[in-house]
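The values are calculated or read from the model by the stated rules, or taken from the named source; none is laboratory data. Model, not experiment: these values are computed from the prediction. Neighbour counts are summed over all protein chains in view; Cβ atoms, including those assigned to glycine, are modelled from backbone coordinates with ideal geometry. Heavy atoms of the whole protein, side chains included, go into the accessibility calculation; ligands, DNA and RNA do not. Shrake-Rupley method; radii C 1.70, N 1.55, O 1.52, S 1.80 Å.
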Amino acid sequence: MIKHIFIIIALLNLVGCKLVQYNSDPKVTANTITFAKPATHSNLAYIWLPTANTGNKVLYREAFDNNVANFSKKHTLTNLNPQAQTVFNDFIIEQGGAFDTNTGKLNAELIQTAMQHTFNNITAEYPSVDTLLVIHPKETSIKVVDGTANWHGVEQHIATIKSVEFRSVISLAIQYYVPDSKTYNLEIGLDLHTPDLSDNSKYEQVLTHILEPIVILNTATK
């Protein structure tokens with residue numbers, strides 16, 4: 001009887017570990033990003049490129065935005081995304097759309113002009129903003145070994161019975177846009193799991209990693 005109890009406890013522990021793994025948040029393993037000038041304000045201006053409006057990327061974008069809203073409250077940020085995204089989208093629409101009708105690819109020149117227009121519009125009202133964060137979601141397949149995935153500076157876990165398997169993941173190509181200046185780019189992993197719109201703190205480490213260089217992360221007090 002005692003032996004059976006120990007076996008049950010062991011199984012519950014095993015299942016518990018797998019559940020924790022399956023719901024795991026992405027852990028950032030990349031080095032801290034450092035800019036020449038430290039952040040001086042808490043106005044967060046970011047936009048999504050039109051590629052975020054296709055397929056299941058829409059749900060990841062929504063999950064990310066939910067996380068940003070929660071993160072902004074926690075760190076007393078002014079989230080300017082709704083305003084910046086509207087300015088960007090409206091400009092693109094007025095120009096006939098973001099994609100080249102001949103190639104089906106983004107019109108790079110138009111996107112660049114729209115970014116400049118958005119930056120100018122935001123900084124006219126918020127002069128302290130010196131960087132526009134531009135996000136391009138990307139989907140790729142990676143190798144998962146013993147339930148652990150490492151890609152583009154993050155680590156995440158899944159429950160698995162296979163030693164090696166391949167899974168689709170979402171990453172974010174990030175551009176720190178500053179007009180007439182050297183642009184800083186990076187790619188960071190976002191999620192190995194399906195998007196969870198009910199979890200608004202899953203990307204805490206990812207957000208800290210990409211936002212620390214451009215905004216002051218105060219902690220809100222009750």
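For the reader, a short list of remarks on this structure follows.
- Protection proxy ranking, peptides 45-52, 146-153, 127-134, average beta carbon neighbours within 10 Å, highest first: 45-52, 127-134, 146-153
- Taking amide H positions as modeled 1.01 Å from N, with prolines and chain starts lacking one, the residues under 5 Å from ASP191 and 5 or more places away or on another chain are ILE170.
- GNM top mover of ILE210, ILE174, ILE142 - the chain, alpha-carbon springs below 10 Å: ILE142
- Environment charge at LEU133 (Cβ cut-off 13 Å; Lys +1, Arg +1, Asp -1, Glu -1): -3
- Residue-wise HN-Hα couplings along the stretch 99-116, as the Karplus relation 6.51 cos²θ - 1.76 cosθ + 1.60 with θ = phi - 60° gives them from phi, are 9, 6, 5, 7, 9, x, 9, 4, 7, 4, 5, 5, 4, 4, 5, 5, 5, 4 Hz; Gly and Pro carry x.
- Within the accessible surface of the chain, defined with a 1.4 Å probe on protein heavy atoms only, the carbon and sulfur portion equals 54 percent.
- A 1.4 Å probe run over the protein chains yields, for the chain, 55 Å² of accessible area per residue, whole-number rounding.
- Local electrostatic count at VAL164 - Lys and Arg +1, Asp and Glu -1, tallied over other residues with Cβ under 12 Å: +1
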